[in-house]
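Reviewing the structure listed below.
The values are calculated or read from the model by the stated rules, or taken from the named source; none is laboratory data. Nothing here was measured: the structure is a model prediction, and the numbers come from that model. Using ideal geometry, Cβ is built from the backbone for each residue, glycine included, and neighbour counts are taken over all protein chains shown. The area values use the complete protein model at the heavy-atom level, side chains included, leaving out ligands, DNA and RNA. Shrake-Rupley method; radii C 1.70, N 1.55, O 1.52, S 1.80 Å.
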Amino acid sequence: MHPNLEKKAKPQAFEGDLVNQIIRLHDFAQATEGFCDIWRCVLHRAGSGKVQVAVQVIHLDHTQPELRTKLLRRHQKWLKLEQRNLVRFFGLTSSFSVLPALVTTWMSHGTLSKYLDKQYSLLSTFAKFSLANDIISGLCYSS
């Protein structure tokens, strides 16, 4: 190998990795939002059956080991979050990238921004205030 060429980093498994429970539904990401590709997948959970999930693959500088360490450290805290206005966090998987990818509930209407782009003018004033209240409730939540 030429000395100027870096070896491509490989994903590393970790405790709690959902790698063997995730099935991709497509050969490509369904969306790209900010620094993430979002894949539509199925999560096979023992006792709960199949759940449609979003796997959010982060595209940041994976050569920074502290980023991977932070994700893995926060992983256990995120699993404990439970509030009706938060998207459910199922865990992390190493099957998509060098960095652990986040596994969350699949949102059929896409991100909040995309939903509002399409639906905002159709929402009543009450629905808009209700949505704002739900967002504030989710932001104020602490476990």
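For region 110-129, enumerate the residues that are over 21 Å from Cys36 (Cα atoms) and surrounded by 12 or more Cβ atoms within 10 Å (Cβ to Cβ).
The initial filter retains those residues of region 110-129 that are over 21 Å from Cys36 (Cα atoms), namely 118-129.
The answer is Gln119, Leu123, Ala127, Lys128.
A Cβ distance below 7 Å, combined with a sequence gap of six or more or placement on separate chains, defines the contacts here; from region 96-121, residues that are without any contact (Cβ under 8 Å) to a residue 40 or more places away in the chain reach no residue that is buried (at least 16 other Cβ atoms within 10 Å of the Cβ). Restricted to region 34-85, and to residues there that are among the aromatic types (Phe, Trp, Tyr) and open to solvent by less than 90 Å² (accessible area, probe 1.4 Å), the residue that is farthest from Lys114 (Cα to Cα) is Trp78. Checking each residue in region 44-79 for being out of contact with any Phe, Trp or Tyr (no Cβ under 6 Å at 6 or more places or on another chain) and at pLDDT 90 or above picks out His44, Lys50, Val51, Gln56.
The criterion of at least 3 residues that are of a type in the set (Val, Ile, Thr) is met, among helices (runs of 4 or more DSSP H) falling completely within region 60-142, by 125-140.
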